[in-house]
1. Given the pairs B:LYS9/B:LYS326; B:LYS86/B:LYS190; B:LYS86/B:LYS321, which are separated by over 29 angstrom at their Cα positions?
2. Tell me which trypsin sites (Lys or Arg not before Pro) from the range A:222-329 have a DSSP coil assignment and no more than 13 other beta carbons within 10 Å of their own.
3. Helix-only mean residue ellipticity at 222 nm, chain A, DSSP H runs n ≥ 4 weighted -39,500 (n - 2.57), per residue, nearest 500. What is it?
4. Just counting partner chain Cβ atoms within 10 Å, what average do the residues of peptide B:61-68 show around their Cβ?
5. Tell me the net charge near B:PRO63. Cut-off is 11 Å between Cβ atoms, B:PRO63 excluded, with +1 for each Lys or Arg and -1 for each Asp or Glu.
6. For the range A:167-240, which GluC sites (Glu not before Pro) are both in a DSSP coil and crowded by at most 13 other Cβ atoms within 10 Å?
7. Just tell me how shielded B:53-60 is by partners: mean number of partner chain Cβ atoms within 10 Å of each residue's Cβ, no decimals.
8. Can you give the FRET efficiency for A:ARG16 and B:TRP338, using 1/(1 + (r/R0)^6), R0 = 35 Å, r = Cβ-Cβ distance, to the nearest 0.05?
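The values are calculated or read from the model by the stated rules, or taken from the named source; none is laboratory data. Just so you know, these numbers come straight off a predicted model, no measurement behind them. Note: ideal-geometry Cβ built from the backbone for every residue, glycine included; neighbour counts use all protein chains shown. What goes into the accessible areas is simple: the full protein's heavy atoms, side chains included, and nothing from ligands, DNA or RNA. Shrake-Rupley method; radii C 1.70, N 1.55, O 1.52, S 1.80 Å.
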Amino acid sequence: MSTVTSVAQRPTPTVRRQELGSAVVRFAGDSGDGMQFTGSQFTQATALAHNDLATFPDFPAEIRAPAGTTFGVSSFQINFGADVIKTSGDAVDMLVAMNPAALKVELPALRNGGLIVVDKGSFNERSLRKAGFKSNPLGDSSLDAYRVLEFDISAMTLEAVKDFGLSQKEALRCKNMWTLGFVYWMYGRNRQTTVDWLNQKFARHPQLAKANIAALNAGHALGETAEIPHGLHGFTIGEAKIAPGEYRTVTGAEALSWGLVVGTKLAGLQLTFCSYPITPASALLHTLSNLMEYDVVTFQAEDEIAAACSAIGASYAGSLGVTSSSGPGIALKAEAIGLAISAELPLIVVNSQRAGPSTGMPTKTEQSDLHQAVFGRNADSPLAVLAARSPSDCFEVAIEAVRIATKYMTPVILLTDGYIGNAAEPWLIPDVDSIRFPRVQFRTDPAGFQPFLRDPKTLARPWAVPGTPGLEHRIGGLEKDYDTGHISYDPINHQRMTEARAEKIRRIADDLPPQTVEDGAEKGRLAIVGWGSTYGPINRAVSELRKKGQDASHIHLRHLWPLPKNLGELLAGFDKVLVPELNTGQLTTLIRSRYLIDAQGLHKVSGQPFKINEIEAAARECLEK
Amino acid sequence: MNVVSPITKLTPKDFATDQEVRWCPGCGDYAILKAMQRTLADIGARRENTVFVSGIGCAARFPYYMATYGFHTIHGRAPAFATGIKLANPGLDVWVVSGDGDALSIGGNHLMHVLRRNVNLQLLMFNNEIYGLTKGQYSPTSRAGTRSPSTPWGSIENPVCAVALALGAGARFVARSVDSLQKHLPEVLKRAHAHNGTSFVEIFQNCIVFNNDVFADFTAREIADDAEVFVEHGKPLIFGKNKNRGLRIKPGKLALETVTIGENGVTETDILVHDETNRALAGMLAGMERPTMPIALGVLYCDPTPSYEDGVKDHFEEAKKHGTGKDLNKLLRRGHTWTVAG
């Protein structure tokens, strides 16, 4: 059969398809079922169908949790449509459950009347018991509020791949492709990208490639030929109105990596990335490790502290040192970051935030390290803090971090989170040649050189790197004389240096564009202020409120320290300020103390992103008060 | 980078800064500083290409007194900073200066990893068997029973042997000297400098205030000849005031013993010849302790392999051969892209 290496060509029967504006699909199964691969393939095909989209991968910390358990369920949610999509979706329209545990865990997310696709073959007594079902939900009335499509996916997959000589175990691992094939049919997606991907992925095992493609085709064929229960049919979703240009899908980890590479290359520097593996930050290390041809050096250090210290060493020697971790690892780096503040060296510290405290929930998202970033060191130790709002935004924020770190000779903490890092979205690929970025100038002139003499405008000290004749000097964590840079314990000098370090960071605000309003008026009844990955839900909530005639505006911060110069004035133009955060009120506290206004918080710490309606409800409550 | 200034022979004084040296009068660190300045002059080092990196402690003040580049960092982490410096610019000549507390206690982890990675730098550990800067607490090299402000009844812990630990961590160059040995120490430092990879040098350093004469059981003038053996590659392991004592393998055992030439039929040919490429021998020399054995000084072990930077360089060259190189627009368009028509 020649069809197995490509999409099976069949005459397309005229099927009636229901037109939808958008849809939310969640794939769920065991952590070994390949749900993340399935989801990312569906994402790719959906992007190619010119839908806008946003995704939410949600998986357990265990790599292969015991099969069939509720805590081992891995899921991938995608919201896609003909309209602008800004979140991964509040309620799920279609749930694909590969086993009873997946059904058990994910059912609460499904809207009433939503569609469930289940692998009937996996609903045996043992797996039902493991998932905690007292009776088989496929046999009782517990799913009456939904529409259920039951297929024996296991059996149909085994049948589809029987000619390829696979073991039972290998054959069953093709189940996810069968399922993907069926969901492709449901939404009228093209299978070719997945076929190409399978051929590439299994280039050295052609039998596995053929089997997976056969399973994909079989799932798709079932949709075309099977007798689907009355009232159910495939869907079509129109193309979104998308600005013309070249697109790709991008995860936050990819965009952040590329932003760092582009920023340092434009600055004329080598990027030295020093990190220690930690969930969910490791994806950055993996991505950058493959970019050596772009003058990227990656170093897997022996621990978090060594990672920070080697990055600072690299900056000292004229590279841009970047270190990356998640909250617990950032805590370990704190002393080293303090040295970079004292020695006034550029450094970027990426924090892929996760739920805490301590080990917390490593694969679940949270925004609870804002205070750690702004204040989390001994003594008065100011630095710059930035936050990315979405996967693609990571690219620009990374370039901004390179700019601030090198221009102001300071550490910059870049906050992202597990959600942004792993989630994917379509991205209009920028033209690098159009990015304006100044090349870094090292100090080379020995005349009048003192290591801590400051630029009168930025207060940055010169970057004088070892290897430069005539500029030999000694720096460290001891207090330095303002003029000579020598060790100084002079009381007045310490006061002056402490103030100079703070003023240098404050002056970054002079160098930022004024804070703008994302949506809504610049004055009014309610400002909803957000930062980081809450961008999507806040933006959609404000848009919904405004459609319904409510006076609400959305302000979203990229620069968290220093705060934009006009922010206080901007917020003063609103009767009320609401700050939704995935923590217990860290930006709220910052805004209240900084501007002495009665900002109200909306706090969620469940490891899940905000839903649009949660923000909308809080905003209404605020407006009614 | 690394602009070479006109070659004029620098003297030891050219490596001294104008900063007042603030170690206690009589501290062994003064002697090491002097030996280092002489070493740099002798090897024709360039000030602009030389970097001293230190952690915290008395020894860590060293960079302030060297007229080169210097980075006084945080406690125990100097090897990690030095690694970053070498990643950014492998052409720099990096010396890490550390103490027994800095390198073996708070920084033990980094010491182990810099040694096994074999980053091309020199790592000097000034061992005075005490915490000096914090006023005299026992350190990881203090002998059991050391009385100190934190161990008024004497310390309970067994000390770590720095050179044995370095060998165990995979160091390819391990040497030992004493602060006051102003001829021997510069020679050891030169060997360390010439070695490609991490060179670990333990320097016994007298803390005159908190642990005075702790090494007198082998460094005291009147006994030193009989208590120290200076090892040299290819030469018999002979020591003693009369140059008539030596080390040999104890017959029938995998152990060293001291013998006297001319006694019990022992001749010079029975004496073990030092082979610095022999790790097992290095381990035995490192393990020799007073009072039964002499203390081994000199290059105990030197067996070079490619350094970490050599490996990074190879990967760079390989990546550049296969990669697209400079075009950043290509980087952003890796993998699958699609075009939306206007």
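1. Exceeds cut-off: B:LYS9/B:LYS326.
2. For trypsin sites (Lys or Arg not before Pro) across the range A:222-329 that sit outside H, G, I, E and B with at most 13 neighbouring Cβ atoms in 10 Å, the list reads A:LYS241.
3. -11000 deg cm²/dmol
4. Partner-chain Cβ atoms within 10 Å, mean over residues of B:61-68: 3.
5. Neighbourhood net charge equals +1.
6. A:GLU227, A:GLU239
7. For this peptide, the per-residue mean of nearby foreign Cβ atoms is 1.
8. 0.80
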